[in-house]
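Structure first, then comments.
The values are calculated or read from the model by the stated rules, or taken from the named source; none is laboratory data. Bear in mind that the values here come from a model prediction, so they are computed numbers and not experimental data. Here the Cβ positions follow ideal geometry from the backbone for every residue, glycine too, while neighbour counts run over all protein chains shown. Accessible surface is based on the protein model in full, side chains and every heavy atom, while ligands, DNA and RNA are left aside. Shrake-Rupley method; radii C 1.70, N 1.55, O 1.52, S 1.80 Å.
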Amino acid sequence: MAVGGYGRRTLGLYSDVDVLFLCDDPTEPYVGVVTEAILYPLWNLGVEIGHAVRGVEETVDLALSDLRTATTLMDLRRIGGDASIVEELQREGRRRLFDPRINDLLDQLAADTAERHERFGDSLYLLEPEVKHGRGGLRDLDVFRWAAHARWDARCAKDYVDAGILLEREVEALDAATEMLWRVRNLLHVRAGRRQDRLTFADQEEISVSLGFVDGIVLGVEQFMQAYYRHARVVAQTSERLLERARKRPERMRHEIIDLGDGTMLSDGEISFEKPERIADDPALPFRLYRQVVRRNAVPSPAARDVIARHAEKKEFRRAVALSEESIQLFLSLLTEVSAPSLRGGSVLTELHEMGLLVAVIPEFAPLTGRVHHDVYHVYTVDVHCIRAVDRLRALLRGENVPSMGLAARLSAEAPRLLPIFVALLLHAIGKVRGGSGYAERGAEMVKPIAERLGLSPAEVEHVQFLIREQSTLYRFATQRDVHDPEVLEEALKLVENAERLRDLYLVNVCILSTTNPEAMTTWKARTLEDLYVGVSMAIEQGGITAPGRMAEAVRREVMLSPGEGLTPAVLEAFLESMPDRYLLAHSVRAILDHARFSAEAADREVAIRISTGPIENTYAIQVETDDRPGLLADLAAVLAGHRFVVADAEIYTRRVGDRVRAFDVFVVTRQGEQGAVLEPAFAERLERDVTRLLAGEATPDQFLKMNPGAPSWARRRPDVPTEIVVDNEASSRFTVIDVFTKDRPRLLHDIARTLHAHGLSIALSKLNTEGERVADVFYVEVEGGGRVAGPDEVAALQKALVEAVEQR
């Protein structure tokens, strides 16, 4: 008997072959002679073949307690031998297992599927999906077939249609999905020369070409993955729905059913339709059902979900939904619903999307389904990211303890008009329908007719457009500009105009950023966003930006009035007077006192370094004081990189102490391979020793950089990141602002700092930001004696040199 994939006639190029030798008496010597005569030549040929030798009763007994054996009863196919014994096994399996214990078998299949998804990926939209075992993969297709076979003895497409399991168009969709998944799996096996079922980034790029996807407005590889996810979605939904529908349900007494008066009814915690056929003429009926699901914290019945999903595939039904005022109003009430109902992930919006109702209300959302970014920063497809951003706002409104988002939770509770924020979050990526670049501006235009169709007022429509257009502006200010610079605050104030627009835009920025991937909203990013919000909010309250000199002087007075243990007033005052205003505006009183103590202790040392717990989880703070000199940052970056430190933030200051100019630098760093481990005190001494050797000429930067060569040769290939260098003389009246966007690597900061030094530039401030494999670093620089880089030729030469420096590998 052929069993498993061999029995189903679905073998991958490097799949195992599984067989069952079925006999009356497995102990009979003749049986052993036959099996060995068949197996040994195959093994000698290198065929990987799994086998078992059993009788009928033993096989059925084992199937009653072992799911793997139970599934072989649904996969088996006779290769040769006595047909009567096979028929006996099939009869006994039906009599003892499938008919009397179908619900137990379905429970086992559901539990096994859930456990498998947990191991291989519970999301359809993983960056590198598992084609066989992940959700929507080939094993889910097997589960569908097993359930159909066990419940209805259905074995082929005709059986599925005749038994009412699937409609003909659903069979066609499932066949197309099967074809796609098997093509991909076999191409994976061809590429690897072995069994390989993980669709990695490198595989995606090559397989997309093999399948004929070419670059256009959207990259060919992104088109391929969108098609893959859509097919996987068909498999996942079909399998999950059938596991529920295949159950045998007891007849319900009439008194157990509660008529809810809106075309729906409640029974055993499930909401269903009173008369399912009415949905064809009543497009609002599915939305009334989900309103009851939310109100009563119930679940939709499997039969009701089937009816909705099948109607949502029909163009005429979707058109009726889009034109139904009641449907739209019910959709908006569900969109702004704050509770977490008993649905997948606690998200009613996810349920509406999976059922096809979201796209029925907003057809423009359809092209975003399964749309991907071919990078490691955006871990969800565009449609899933939009829904997660909405659900993040719900979580904030419920008061859930979301790390680093205390200010956002408070502001969300204060917002009087939530509908525009919900709509903006849901449709923030609508502009990506026509490509990625400039999608925010394009989306602001595209959303206007959608918002009007949803019934928003002209003022609300304009507000939604503003929120979508500027959805990442605050994040860009916070991570790529000096949030304590009055010019930056003035620009942000001019953008938002009032407190309401500031609050709503802050919430939109936070909800989008924090759901880009689970690690996107770092404590550092949250803090810089909050600093920016507070600075602009204070300016709105005070009617304008307070002069930085006045703000810094206020900080100096507050520090002098604070108890500075181990500091005399004269020493503290000297430290404060030697530090620039931007330092005082960027740090708390407590941090300033701590830095002043460190500086006093370092006064007579050539190099002083202190390592402490960083301001962000799993980070270290490294303070360095030494005599200033050209190229110092490049040298410090080389030593830090050699010791496997990754710089997350760097503040560069110089202070005059008598006739000496001292550098006082503050780094926030992480360490490769460590998550917040405590570093022994001697580590700072080793850093001091290495920096001293470098500054004295006893060592070179390359010696330290070679200590950390970067990614090993066997590291998995990741998508390329294009390099972009922007040299901006308009962002600041005092400094030239340089934005560096490129692929991350260990010695990058050293190479950038060395290039800036070679062009005679001093770094006044740097902000280092990592987004997956991509860095977005910013440097505020000035020429010797102060001032910006002058002349287009100098700017072009600097830009060219930086490109050459960052692209070297």
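Please work out how much length the chain gains when fully extended from E206 to E445, using 0.36 nm per residue of separation minus the C-alpha to C-alpha distance, in nm with one decimal. Write down the numbers at each step before the final one.
Values: separation 239, 0.36 × 239 = 86.04 nm, distance 3.57 nm.
The span from E206 to E445 would gain 82.5 nm if fully extended.
With all distinct Cα pairs included, what does the Kirkwood hydrodynamic radius of segment 567-661 come out to in Å, to one decimal, could you say? Spell out each step's value before the answer.
Details: mean 1/r = 0.0689 Å⁻¹.
The Cα-based Kirkwood calculation yields 14.5 Å.
Arranged from highest to lowest average of other beta-carbon atoms within 10 Å per residue, in what order do the peptides 191-197, 30-36, 460-466, 379-385 appear?
On the way: 191-197: 14.9, 30-36: 13.1, 460-466: 20.6, 379-385: 23.1.
Ranking the peptides 191-197, 30-36, 460-466, 379-385 by packing returns 379-385, 460-466, 191-197, 30-36.
Can you match Kirkwood radius over Cα pairs in Å to one of these, (1) 29.0; (2) 30.8; (3) 29.9, based on a calculation from the structure here?
Evaluating Kirkwood radius over Cα pairs in Å on these atoms matches (2).
Could you look at the chain and say what percent of its accessible area is carbon and sulfur, using a 1.4 Å probe and all protein chains? Please report the intermediate quantities before stating the final value.
Details: 18150 of 36070 Å².
Percent of accessible area from carbon and sulfur atoms in the chain: 50.
Determine the relative contact order of the chain: mean sequence separation of Cα pairs under 8 Å and six or more apart, normalised by residue count, in whole percent.
Values: 1183 pairs, mean separation 57.1, N = 809.
Across the chain, relative contact order equals 7 percent.
Please work out the average accessible area per residue across the chain, using the 1.4 Å probe convention, and give it in Å².
On the way: 36070 Å² over 809 residues.
Using a 1.4 Å probe on heavy atoms only, each residue of the chain averages 45 Å².
Skipping prolines and chain starts, which residues have an amide H placed within reach, meaning under 5 Å, of the one on A776, given they are 5 or more residues away or on another chain?
N769, T770, E771
Report the relative contact order of segment 141-247, percent, no decimals, based on alpha-carbon pairs under 8 angstrom and at least 6 residues apart. If you can, show how the numbers build up before the last one.
On the way: 83 pairs, mean separation 36.9, N = 107.
Reported as a whole number, the value is 34 percent.
How big is the dipole moment of the chain about its Cα centre under a simple scheme where the beta carbon of each Lys and Arg is +1, that of each Asp and Glu is -1, and everything else is neutral? Debye, nearest 20, please. Provide the component values of the computation, followed by the final result.
Numbers: 101 positive and 127 negative charges, 195 e Å.
The dipole of the chain has a size of about 940 debye.
For segment 1-81, give me the percentage of DSSP beta bridges that are antiparallel, rounded to the nearest 5 percent.
Numbers: 3 of 9 bridges.
Just about 35 percent of them are antiparallel.
Going down the table (K275/K314; K743/K767; K767/K800; K132/K743), which pairs top 23 Å between alpha carbons?
Numbers: K275/K314 19 Å; K743/K767 16 Å; K767/K800 21 Å; K132/K743 32 Å.
Violating the 23 Å limit, Cα to Cα: K132/K743.
With each label point set 7 Å from Cα along the Cα-Cβ vector, what nm distance links V338 and R527?
3.1
Near the amide H of G55, under 5 Å away, which other amide H atoms are found, from residues 5 or more places off or on another chain, if H is placed in the peptide plane?
C23
If you take the charge dipole of segment 501-613 about its Cα centre, with +1 on Lys and Arg Cβ and -1 on Asp and Glu Cβ, which of A539, A596, S578 is farthest toward its positive end?
Farthest towards the positive end: A539.
For segment 512-528, in order, what is each residue's ³J(HN,Hα) by Karplus, 6.51 cos²θ - 1.76 cosθ + 1.60 with θ = phi - 60°, in whole Hz (x at glycine and Pro)?
Along segment 512-528, the couplings run 6, 4, 6, 10, 5, 7, x, 9, 5, 8, 6, 4, 5, 5, 4, 5, 5 Hz.
Using the Karplus equation 6.51 cos²θ - 1.76 cosθ + 1.60 (θ = phi - 60°), what ³J(HN,Hα) coupling, rounded to whole Hz, does each residue of segment 492-505 give in order, writing x for Gly and Pro?
Once rounded to whole Hz, the list reads 5, 4, 5, 5, 7, 6, 8, 5, 5, 5, 4, 4, 5, 5.
Please figure out what share of the DSSP beta bridges in the chain is antiparallel and state it in percent, rounded to the nearest 5.
Values: 60 of 68 bridges.
The antiparallel fraction comes to roughly 90 percent.
Let me see the P(r) profile for segment 85-168: every Cα-Cα distance counted, bins of 5 Å, each bin given as a percent of all pairs.
All Cα pairs considered, the percentages come to 3, 14, 19, 18, 18, 16, 9, 3, 1, 0.
To the nearest µm²/s, what D does Stokes-Einstein give for segment 263-319 at 25 °C and 0.890 mPa s, using the Kirkwood radius over alpha carbon pairs as Rh?
Details: Rh = 11.3 Å.
The calculation lands on 218 µm²/s.
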